[in-house]
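Trainee: One structure, pasted below without further comment.
What follows is calculated from the coordinates using simple rules that are stated; it is not laboratory data. This one's a predicted model, so the numbers in the text were calculated from it and none came from an experiment. FYI the Cβ positions are ideal-geometry reconstructions off the backbone, even for glycines, and counts take in every protein chain you see.
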């Protein structure tokens, strides 16, 4: 299987923790030069020297940016691609706060759309010209299984993730003739700060302990446990690799079998 990413440059968002961080390690281990992006510069500065170097041509770096500021995000991305065209874009942003959709305010929806849909779009617009010039590109969006089955208690997230999935499917149709694939990874319950936030919110709402909430959640997963971020990152790495050259426009669940839908 052809997984080598030597000569490719990956921009990985939300890389200070969780799936984004794990994806940075996976792509670097396949030979890609990796630029990690997040808000916490000190965390990224500590992360970059620890990323794998399997050949001398790899160079890793970081960009400090906030997905909520799309103008600044575009400017930083434009500066990056002017010196190092991006061949692999991993869109990944922390989910909106938990809460019911009926209680959500317009401001909460606008904030979520800005950080997810619009941030993804701004970054894609910035990197696509370089991908077209190379005749090769990968855009991978870390979304959620909620695009198939809405998850109770995260109404704004469910709505926003669905919009991103539809955007990505449309983009995949437009970019396929240029040799650029666009795919979504749909993580299930993964051992990250995000799942801790969801567990805490459910515990507060139900009066159960966080331990009992987690036990209920894992009981719904056929594999009987939450995912390790590295397990989801391995799927991201496959979709980013040459081996996935004929896969585009898909939303691939990585959920331990939790979803009941086909």
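Trainee: Out of 242, 49, 229, any idea which swings most in a Gaussian network model of the chain, alpha carbons joined below 10 Å?
Mentor: For the chain, modelled as a Gaussian network with Cα springs under 10 Å, the answer is 49.
Trainee: Quote the FRET efficiency, to the nearest 0.05, computed for residue 72 versus residue 46 with a Förster distance R0 of 30 Å and r equal to the Cβ-Cβ distance.
Mentor: Efficiency, from the Cβ-Cβ distance: 0.85.
Trainee: Hey, in the GNM for the chain with a 10 angstrom Cα cutoff, which one of 58, 216, 191 fluctuates hardest?
Mentor: Comparing 58, 216, 191 in the GNM, the peak value goes to 216.
Trainee: Same structure again: What nm value, rounded to one decimal, do you get for the distance between residue 39 and residue 191 when each label is placed 7 Å out toward the C-beta?
Mentor: 2.6
Trainee: I'd like the distance between the alpha-carbon centres of region 65-117 and region 204-225, rounded to an integer number of Å.
Mentor: Comparing the Cα centres of region 65-117 and region 204-225, I get a distance of 30 Å.
Trainee: Relative to the present Cα-Cα distance, how much length would full extension add between residue 101 and residue 204 at 0.36 nm per residue of separation?
Mentor: Working: separation 103, 0.36 × 103 = 37.08 nm, distance 1.74 nm.
Contour length minus the Cα-Cα distance gives 35.3 nm.
Trainee: Additional query: Between residue 82 and residue 211, how high is the FRET efficiency from 1/(1 + (r/R0)^6) when r is the Cβ-Cβ distance and R₀ = 35 Å? Nearest 0.05.
Mentor: Numbers: r = 50 Å, r/R0 = 1.43.
E between residue 82 and residue 211, to the nearest 0.05, is 0.10.
Trainee: Between residue 230 and residue 250, what is the label-to-label distance in nm when each label sits 7 Å out along the Cα-to-Cβ direction?
Mentor: If labels sit at residue 230 and residue 250, their model points lie 2.4 nm apart.
Trainee: Right, here's the next one. Could you tell me whether region 1-125 comes out rounded, prolate or oblate from its Cα gyration tensor? Rule is a ≥ b ≥ c as square roots of the eigenvalues, rounded for a/c under 1.5, then prolate if a/b exceeds b/c, otherwise oblate.
Mentor: It is prolate, given that a/c is not under 1.5 and a/b is the larger ratio.
Trainee: I would also like to ask the following. Could you check the simple spin-label distance between residue 243 and residue 218, using points 7 Å along Cα→Cβ, in nm with one decimal?
Mentor: Placing both labels 7 Å beyond Cα along the Cβ direction yields 2.9 nm.
Trainee: Right, something else. First measure r as the distance between the Cβ atoms of residue 176 and residue 110, then evaluate 1/(1 + (r/R0)^6) with R0 = 35 Å and state the FRET efficiency to the nearest 0.05.
Mentor: Efficiency at R0 = 35 Å is approximately 0.65.
Trainee: When the helix-only estimate is applied to the chain (DSSP H runs of n ≥ 4, each -39,500 (n - 2.57), divided by the residue count), what is the mean residue ellipticity at 222 nm, nearest 500 deg cm²/dmol?
Mentor: After summing the helix terms and dividing by the residues of the chain, the value is -13500 deg cm²/dmol.
Trainee: Okay, next question. Could you give the length gained by full extension between residue 133 and residue 149, i.e. 0.36 nm per residue of separation minus their alpha carbon distance, to one decimal place?
Mentor: 2.0 nm
Trainee: Between the alpha-carbon centers of region 10-58 and region 245-262, tell me the distance in whole angstrom.
Mentor: Here the two parts' Cα centres lie 25 Å apart.
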